[in-house]
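S.K.: Got a structure for you, written out below as structure tokens; questions coming shortly.
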Amino acid sequence: MRRPELKTPWTTWLLVSVPVIMLAMFVVPYTLLREVDAWYGSLLFWTVGTAAVITINIVIALTWENEK
């Protein structure tokens, strides 16, 4: 099976940003948001992070082409 090639450099940066966002979704609530007593501080952060990862996945999927 052939490995798909990335068309542009920005798709590489988008793919690299997904693990960075996921790591931040674990680290930030337990470090920077530690002093926030309300539960919605981390919930809002996780919601925005999840929306960002979903959007990146959609953009990457739209760049794929069917191979025959």
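S.K.: Taking the Cα centre of the chain as origin, work out the dipole magnitude from +1 charges on Lys and Arg Cβ and -1 charges on Asp and Glu Cβ, in debye rounded to 20.
M.R.: Working: 5 positive and 5 negative charges, 56 e Å.
Result for the chain is approximately 280 debye, rounded to the nearest 20.
S.K.: To continue, here is another question. Let a ≥ b ≥ c be the square roots of the eigenvalues of the Cα gyration tensor of the chain; is it rounded (a/c under 1.5), or, if not, prolate (a/b larger than b/c) or oblate? All intermediate terms of the calculation are to be shown ahead of the outcome.
M.R.: Working: a/c = 4.04, a/b = 2.91, b/c = 1.39.
Cα axes put the chain in the prolate bin.
S.K.: Give the longest segment of the chain that steers clear of chymotrypsin sites (Phe, Trp or Tyr not before Pro) in DSSP loops with at most 14 neighbouring Cβ atoms within 10 Å, not counting the sites themselves. Walk me through the intermediate numbers first.
M.R.: Numbers: sites that count: TRP39, TRP64.
Between the exposed loop sites, the longest stretch runs 1-38.
S.K.: Within 10 Å of each residue's Cβ, count the other Cβ atoms and sort ILE21, ILE58 from fewest upward. Mind showing how you got there, number by number?
M.R.: On the way: ILE21 14, ILE58 9.
Listing ILE21, ILE58 from fewest to most nearby Cβ atoms yields ILE58, ILE21.
S.K.: Taking the Cα atoms only, what angle lies between the long axis of helix 9-31 and the longest principal axis of the chain, rounded to 10 degrees?
M.R.: Compared with the principal axis, the helix lies near 20 degrees.
S.K.: Using helices alone, what [θ] at 222 nm do you get for the chain, with -39,500 (n - 2.57) per DSSP H run of 4 or more residues, divided over all residues and rounded to the nearest 500?
M.R.: Numbers: 2 runs with 46 residues, N = 68.
Value at 222 nm, helices only, nearest 500: -23500 deg cm²/dmol.
FYI, it's all coordinate maths here, none of it is from the lab. Keep in mind that this is a model prediction, so the values were computed, not measured. Don't worry about glycine lacking a Cβ; one is built from the backbone with ideal geometry, like all the others, and counts go over all protein chains shown.
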